[in-house]
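A.B. asks: Input: one structure, supplied below.
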Amino acid sequence: MKLLQDIVVIDFSQFLSGPSASLCLSDFGAEVIKIEKPGTGDICRELYVSDVVVDGESSIFHAINRNKKSYAADLKNPKDAEKIRKLIASADVVIHNFRPGVMERLGFGYEAVKKINPSVIYAAVSGFGETGEWKHLPGQDLLLQALSGIIWLNNSSHAAPTPMGVSVIDIFSGAHLVQGILSLLYRRGITGEGGLVQVSMLESALDFQFEALTCFYNDGNALPQRSAINSGHAYVAAPYGIYKTKDGYIALAMADILLLAELTGCEKLKAYKDKREWFAKRDEIKALLRERLLENTTSYWLSIFEPKDIWCSRVLNYEELTQEEGYKALNMEIVVQTSNGLSIKTIRSPIKINGKVLSGSKGAPALGEHNALIEAQYKLNQNISEVQTVSDE
């Protein structure tokens, strides 16, 4: 399904935040041309997040750059820079995630690009925004988690600040960038006007925490207090958290403590009749639940809780998850194939339109794989006025 058919995206971004946005656009059907430095390419090709190497490159590069084309060009080389300017003349969207000022120094800032292509959608991800003393700090996910307060919300109160196990801010900032791009594409379809979309990872991280931050702002700036036992959310009362059972773990969300007392046969829980105590004395309550839930298996407790509509779940690892029928029914796994015939299993877009998934079978491109194709398709050897005339016809 080509929802963005004929939309051309020139993507200068690297690693995760920007490429996750262009991945989404490519799943929507846009043509994404990835501009990479000759010789090395996107740093994600070699910046491994694990020891999983696919065809000599990092597995994450293959996951986040499928369905894209690669054009190798040195932006500091006048000849290459001129070709990129000609390419931009035919583009609908330009994306980058360099630090503030970098694209301007290279001659590809918004104002320069707008002169080449007045109706372009120019989309930029930065780490900390365009102003302020942090604007030149590296926009790396762990650092943003540390500075934005996220890691102080995780784990129990006696544990060290704990980051999330995935690059959540990279992915959220990429999703926010896509929202801005699509809104401007919609407006351009009506008015013909382009525009500038700017997202900072810090703002995305703060937006991600709007629930907790709103509590903080309206509670006299009192800091969130993680519970000491089985913490799951700093602002949620008992029993919210993860509990060890006889053979594994069980997650408990919001639930009536008196009903849990009845279902677990824990007489001591019946003393907490006042719902206000479920937060104020949450560690006491969780300690009692922790002791009781250890006495039987996860499956046993699920069989007791689920019929009574207690919000609960097993805690699965990836191996267990992928064996579950609920996972298999989604058909999230896809196999993409690189130009050299290598097959790679990854995850498709989570979006469905009219019941159809957005997916493609092309793997990530080799560095500079599409140079000849793109130069011919976009007539990069013509002068820029000729390219603009062709694109207007």
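The values are calculated or read from the model by the stated rules, or taken from the named source; none is laboratory data. None of the values given here were measured: they were computed from a predicted structure. Don't worry about glycine lacking a Cβ; one is built from the backbone with ideal geometry, like all the others, and counts go over all protein chains shown.
A.B. asks: Return yes or no: is ILE169 of a type in the set (Val, Ile, Thr), on the phi < 0 side of the Ramachandran plot and surrounded by 16 or more Cβ atoms within 10 Å (Cβ to Cβ)?
C.D. replies: Yes, satisfied.
A.B. asks: Restricting to segment 7-56, name every residue that is farther than 21 Å from GLY139 by Cα, touching a residue at least 24 places away in the same chain (Cβ under 8 Å) and charged (D, E, K, R).
C.D. replies: ASP27, GLU31, ASP55 - these are the residues of segment 7-56 that are farther than 21 Å from GLY139 by Cα, touching a residue at least 24 places away in the same chain (Cβ under 8 Å) and charged (D, E, K, R).
A.B. asks: Let me ask you something else. In segment 246-269, what residues are within 19 Å of CYS312 (Cβ to Cβ) and in a helix (DSSP H, G or I)?
C.D. replies: ILE257, LEU258, LEU259, LEU260, ALA261, GLU262, LEU263, THR264, LEU269
A.B. asks: State all residues of segment 169-207 that are in contact with a strand residue (DSSP E or B) (Cβ under 8 Å, 6 or more places away or on another chain) and not small (Gly, Ala, Ser); if no residue qualifies, say none.
C.D. replies: HIS176, LEU177, ILE181, LEU184, LEU185, ARG187, ARG188, LEU196, VAL197, GLN198, VAL199, MET201, listed by residue number.
A.B. asks: Evaluate the following for ASN218: is it on the phi > 0 side of the Ramachandran plot and polar (S, T, N, Q)?
C.D. replies: So ASN218 does not fit the description; no.
A.B. asks: Answer yes if at least one residue in segment 270-277 is part of a helix (DSSP H, G or I), in contact with a helix residue (DSSP H, G or I) (Cβ under 8 Å, 6 or more places away or on another chain), modelled with pLDDT of 95 or more and more than 19 Å from SER227 (Cα to Cα), and no otherwise.
C.D. replies: So far as segment 270-277 goes, yes, one or more of its residues are part of a helix (DSSP H, G or I), in contact with a helix residue (DSSP H, G or I) (Cβ under 8 Å, 6 or more places away or on another chain), modelled with pLDDT of 95 or more and more than 19 Å from SER227 (Cα to Cα).
A.B. asks: Using the structure shown, decide if LYS286 is outside the structural domain of VAL32 (by TED's automatic domain parsing), within 30 Å of ALA237 (Cβ to Cβ) and outside any helix (DSSP H, G or I).
C.D. replies: In short, no.
A.B. asks: While we're here: Does any residue of segment 311-319 turn out to be assigned to a loop (DSSP other than H, G, I, E, B), at pLDDT 95 or above and surrounded by fewer than 13 Cβ atoms within 10 Å (Cβ to Cβ)?
C.D. replies: Yes, there is a match, as at least one residue in segment 311-319 is assigned to a loop (DSSP other than H, G, I, E, B), at pLDDT 95 or above and surrounded by fewer than 13 Cβ atoms within 10 Å (Cβ to Cβ).
A.B. asks: Mind checking whether some residue in segment 153-169 is under 19 Å from the mean Cα position of the chain (by Cα) and in a helix (DSSP H, G or I)?
C.D. replies: yes
A.B. asks: Now for a separate question. So how many residues does segment 256-273 have that are without any contact (Cβ under 8 Å) to a residue 40 or more places away in the chain and farther than 12 Å from ALA237 by Cα?
C.D. replies: So the count comes out to 12.
A.B. asks: Return the residue satisfying two criteria in turn: it lies in segment 121-152 and is among the hydroxyl-bearing types (Ser, Thr, Tyr) and more than 15 Å from the chain's Cα centre (by Cα), and of such residues it is surrounded by the most Cβ atoms within 10 Å (Cβ to Cβ).
C.D. replies: Per the stated criteria, the residue is TYR122.
A.B. asks: Something else about it: Of the conditions (1) part of a loop (DSSP other than H, G, I, E, B); (2) modelled with pLDDT under 95, VAL387 fails just one. Which one is it?
C.D. replies: (1)
A.B. asks: Kindly list the number of the only condition in (1) polar (S, T, N, Q); (2) over 29 Å from LEU4 (Cβ atoms); (3) within 33 Å of the chain's Cα centre (by Cα); (4) not in a helix (DSSP H, G or I) that fails for SER299.
C.D. replies: Only one criterion in (1) polar (S, T, N, Q); (2) over 29 Å from LEU4 (Cβ atoms); (3) within 33 Å of the chain's Cα centre (by Cα); (4) not in a helix (DSSP H, G or I) is unmet by SER299, namely (4).
A.B. asks: Could you check how many residues of segment 13-32 are touching a helix residue (DSSP H, G or I) at 6+ places or on another chain (Cβ under 6 Å) and in a strand (DSSP E or B)?
C.D. replies: Summing the residues that are touching a helix residue (DSSP H, G or I) at 6+ places or on another chain (Cβ under 6 Å) and in a strand (DSSP E or B) in segment 13-32 gives 1.
A.B. asks: Could you give me the residue pairs with C-beta distances under 9 Å whose first residue belongs to segment 89-100 and is within 21 Å of GLY127 (Cβ to Cβ), whose second residue is surrounded by fewer than 22 Cβ atoms within 10 Å (Cβ to Cβ) and among the acidic types (Asp, Glu) wherever it lies, and which are 6+ apart or on separate chains?
C.D. replies: PRO100/GLU130
A.B. asks: Let me ask something additional. Looking only at segment 301-334, filter to residues that are touching a residue at least 40 places away in the same chain (Cβ under 8 Å) and out of contact with any strand residue (DSSP E or B) (no Cβ under 8 Å at 6 or more places or on another chain); which one of those is nearest to VAL357 (Cα to Cα)?
C.D. replies: Here the answer is LYS308.
A.B. asks: Which one of ILE84, ILE60, ILE95 is in contact with a Leu (Cβ under 8 Å, 6 or more places away or on another chain) and over 27 Å from GLN337 (Cβ atoms)?
C.D. replies: Among ILE84, ILE60, ILE95, only ILE84 is in contact with a Leu (Cβ under 8 Å, 6 or more places away or on another chain) and over 27 Å from GLN337 (Cβ atoms).
A.B. asks: Working only within segment 287-300, note down all residues that are of a type outside the set (Ser, Thr, Tyr) and without any contact (Cβ under 8 Å) to a residue 60 or more places away in the chain.
C.D. replies: Of everything in segment 287-300, those that are of a type outside the set (Ser, Thr, Tyr) and without any contact (Cβ under 8 Å) to a residue 60 or more places away in the chain turn out to be ALA287, LEU288, LEU289, GLU291, ARG292, LEU293, LEU294, GLU295, ASN296.
A.B. asks: Please give the number of the condition ASP55 fails out of (1) modelled with pLDDT under 95; (2) among the acidic types (Asp, Glu); (3) out of contact with any His (no Cβ under 8 Å at 6 or more places or on another chain).
C.D. replies: Every condition holds for ASP55 apart from (3).
A.B. asks: Here are some conditions: (1) at pLDDT 95 or above; (2) not assigned by TED's automatic domain parsing to the domain that holds LYS286. GLY232 meets all but one. Which one does it not meet?
C.D. replies: All conditions are met except number (1).
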